[in-house]
Amino acid sequence: MKIQLQGIAKRFNYEWIFQGIDWFFEEGNIYAITGPNGSGKSTLLRIIAGLLTPSEGTIQWTSNGREIAREDIFRQVSVTGPYIELIQEFTLRENIAFHHSMKAFRNDSSVRDVMELTGLEKHANKTLRYFSSGMQQRLKTSLALLADTSIVLLDEPATNLDEAGVDWYIGLLNQHRDGRVVIIASNQEREYSPATKHYRMPA
């Protein structure tokens, strides 16, 4: 998988959030995107995911030499971020099963396998409204990393995680980085410490 951004810019109303981004991503690397709050990191991730259209510029997704249309790229992408909502009325088991019904998990992992990898399996039948913010973050991060996708977009993936949770996240990321494009948007070095390449949002 390769992603080419050329002259990407985004504005809301009359205000430019960012302009002139010419970046390239390819599988086998973990990329960090940093920049001050309000510089457009989350917005850029949504453009890469095909969820937003840039105001200027082009984005091209290519797999095995074949270009992927924007309307089809969602099949290749998994995302986590503060704006990603889980179904609070579902249990842990039900949330994982729901995501599994839309996208398979890597290595043919089952719902039970994913529950165990979250470290939350003893809460399998508890509804998410009773989960702490850190527990919900573990689930969101697990669903993004364990989905069988070639592009993984992580927006502040260690938010609400304690030190043990951050170690767990880094371990899971390193286990599931191969053969994918992984992009981490964050200003916290602990979140993007495994990155092999680094981009910074334009001022």
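Summary of computed values
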item	result
Built amide H within the under 5 Å cut-off of LEU52, gap 5+	ILE47
Order by protection proxy (mean Cβ within 10 Å, highest first), peptides 15-21, 43-49, 92-98	43-49, 92-98, 15-21
Sum of -39500 (n - 2.57) over DSSP H runs of 4+, divided by residues of the chain (222 nm, nearest 500)	-8500 deg cm²/dmol
Set of lysines with alpha-carbon distance to LYS10 below 19 Å, sequence-local pairs under 8 removed	LYS41
Structure-derived mean projected area of the Cα convex hull in nm² - corresponding label in (i) 11.2; (ii) 14.3; (iii) 16.8	(i)
Nearby lysines by direct alpha-carbon distance to LYS103 (threshold 17 angstrom, same-chain neighbours under 8 apart not counted)	LYS140
Estimated FRET transfer efficiency (SER110, ASN37; beta-carbon r; R0 45 Å; 0.05)	0.70
Cut-off 11 Å between beta-carbons: net charge of the residues surrounding LEU44, Lys and Arg +1, Asp and Glu -1	+2
Net dipole in debye of segment 2-200 [+1 Lys, Arg Cβ; -1 Asp, Glu Cβ; about Cα centre; nearest 20]	160
Amide H contacts under 5 Å for ASP148, placed H, 5+ residues apart	ALA104, PHE105, ARG106
³J(HN,Hα), Karplus 6.51/-1.76/1.60, whole Hz, each residue of segment 9-16, x for Gly, Pro	9, 9, 10, 10, 6, 9, 9, 7
Test item: Cα-centred dipole of segment 1-69, Lys/Arg +1 and Asp/Glu -1 on Cβ, debye	160
Beta bridges by DSSP in the chain, antiparallel share as percent, to the nearest 5	50
Fully extended contour minus Cα-Cα distance, from ASP167 to GLU15, at 0.36 nm per residue	50.9 nm
Segment 56-155 - charge dipole about Cα centre, Lys and Arg +1 at Cβ, Asp and Glu -1, debye rounded to 20	320
Separation in nanometres of the label points that stand 7 Å from Cα toward Cβ, at THR127 and ARG70	3.9
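Coordinate-derived values only; no laboratory data. Only a predicted model underlies this, so the values are computations on that prediction, with no experimental measurement involved. Because the Cβ atoms are built from the backbone with ideal geometry, glycine has one as well, and the counts that use them run over all protein chains shown.
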